[in-house]
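Notes to accompany the following structure.
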Amino acid sequence: MEETTGVLKEGFLVKRGHIVHNWKVRWFVLLQDKLLYYKLEGGKKESSPKGRILLDGCTITCPCLEYENRPLLIKLKTKTNTDYFLECCSREERDSWALDITGAIHAGHPVQVQELHRMKNSFKLLENISLHHIVDKMRDSSTGIKLTLNVEQGNRYKETFTGSALVDWLISNSFAVSRFEAVTLASMLMEENFTKPVGARSTGATRYSDLSEQFLDDSTALYMFAETGKKMLSSKEELQFNISELSGTIVKQGYLVKQGHKRKNWKVRKFVLRADPAFLHYYDPTKEENRPVGGFSLRGCLVSALEDNGVPAGVKGNVQGNLFKIITKKDIHYYIQASSKAERTQWIEAIKPLT
C-alpha cells in the first residue's frame, strides 16, 4: 500500500493515457510530494494506485488550451519531461486543483510561494500592449480563440466565446499573468469595440458603471467579435436534447458515479444540475463532444440518501457507501454515488428544491 497520510486534496479527474491517448476517469489523491491516481472497479476505488506523479521539479500549466474540446485542462510536466493532462469538471474545480498542486510543488521552496502570491496580487498591464495585435492573434484560425455555438435562454448564438474562455486564452498566450489582469484586458477590448457582449447575461453586466465589473469571467457569459453578424438561430432538430432543457441556469456540477440501467455497471459521469427549467443531465467525461448521454426533468422527482450499512435493494456490484437515489415521475430509478457523505448531502440539498 502506498503511503497516503497527509492528503491535501482528492477527487475525480479525467486523465489522458500515455501510450494510447484516450481519456479515462481516475481518482486522484494529492500528497505533499506526489499525486497518486487510482482506478475504479465497480463503485469502489482499487486499494493500490495505478500510477503516481512525482511533484518535485514539476511545472504546471493552467489554463492549458492544447485540446480545443477540453477547455478545463491542467498540464503537468515532470522533471523527466513526461506530460500529464488532467481535466476537471468546472472552472472553479480546475483553479482549485491548480492552486493546491502548485502549493505542493513549491512547498519545499518558501521563496517561490511568496513569489507566487506576489504575482497573483500584483497587477500591471503591459504599457506597449496593442489591442489590435491581441485581436489579430485571437482571430488566428489555428491558435486563436475557438468560436463555438452557445445556447442561452433557449437562443442559439453562433461564433461566440465565453468570458472565461477569453480569460483562459489571454493567460495561456501570455497577454496577462492573472485572471484579474485578463479581465481588465478583456474589458478594454469591449470598451474599444473589438468585442461585444451577446445574450442577456453578458449584456446585463455592461450596465455597471465600474469598468472592471462590465466583463464577466464566467462560462455562461457570451461574447463575439464586434463585426460578426446577428444572432444566428438554427433548427432545434440538430440537438439530441431539446434546447429548453439545456437553457436553465447551472446550479451545480461535478463528477459522480452512476449505476447503468441495463448492465448495472458503475461509471463516472459529469452531472450538471440546472434550474428553470429544472433538469439533471449527465455526460460521459471521456468523450470529446459536450452532449449529454442522459438526463431527466426533476419535476415530481423523489430524492433520498440510501443507508450505508449493507447493499440497498436495486444496487448491484462492489460499491462503497454515500449512495443516493432519484425516482423520476415516470418511476425510473437512478442510483448515484457521491465521493463523501458531505458531497452526497450537498447534491441532495441542491436537487430537493427543484423537485
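Brief remarks follow.
- Total residues in the stretch 143-177 satisfying the condition of being of a type in the set (D, E) and touching a helix residue (DSSP H, G or I) at 6+ places or on another chain (Cβ under 7 Å): the figure is 1.
Here's the yes/no breakdown for (1) of a type outside the set (G, A, S); (2) under 25 Å from W27 (Cα atoms); (3) under 26 Å from the mean Cα position of the chain (by Cα):
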position	(1), (2), (3)
N290	yes, yes, yes
C301	yes, no, no
G317	no, yes, no
Q320	yes, yes, yes
D331	yes, no, no
Y334	yes, yes, yes
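- Residue in the stretch 342-355 that is nearest to N309 (Cα to Cα), counting only those that are of a type outside the set (S, T, N, Q) and touching a residue at least 24 places away in the same chain (Cβ under 8 Å): R344
- Within the stretch 71-95, the set of residues being among the polar types (S, T, N, Q), touching a residue at least 60 places away in the same chain (Cβ under 8 Å) and open to solvent by 40 Å² or more (accessible area, probe 1.4 Å) comprises T82 only.
- Filtered residue count, the stretch 232-247, keeping only those that are in contact with a Phe, Trp or Tyr (Cβ under 8 Å, 6 or more places away or on another chain) and at pLDDT 70 or above: 2
- Pairing each residue of the stretch 316-327 that is more than 16 Å from E41 (Cβ to Cβ) with any residue that is outside any loop (DSSP other than H, G, I, E, B) and of a type in the set (V, I, T), provided the two are 6+ apart or on different chains, yields C-beta distances under 6 Å for F324/I336; F324/I348; I326/V303.
The values are calculated or read from the model by the stated rules, or taken from the named source; none is laboratory data. Since the model is a prediction, treat every value here as computed from it, not as a measurement. Reconstructed Cβ throughout: ideal geometry from the backbone, glycine too, with neighbour counts over all protein chains shown. For accessibility, only protein heavy atoms count, side chains too; no ligands or nucleic acids. Shrake-Rupley method; radii C 1.70, N 1.55, O 1.52, S 1.80 Å.
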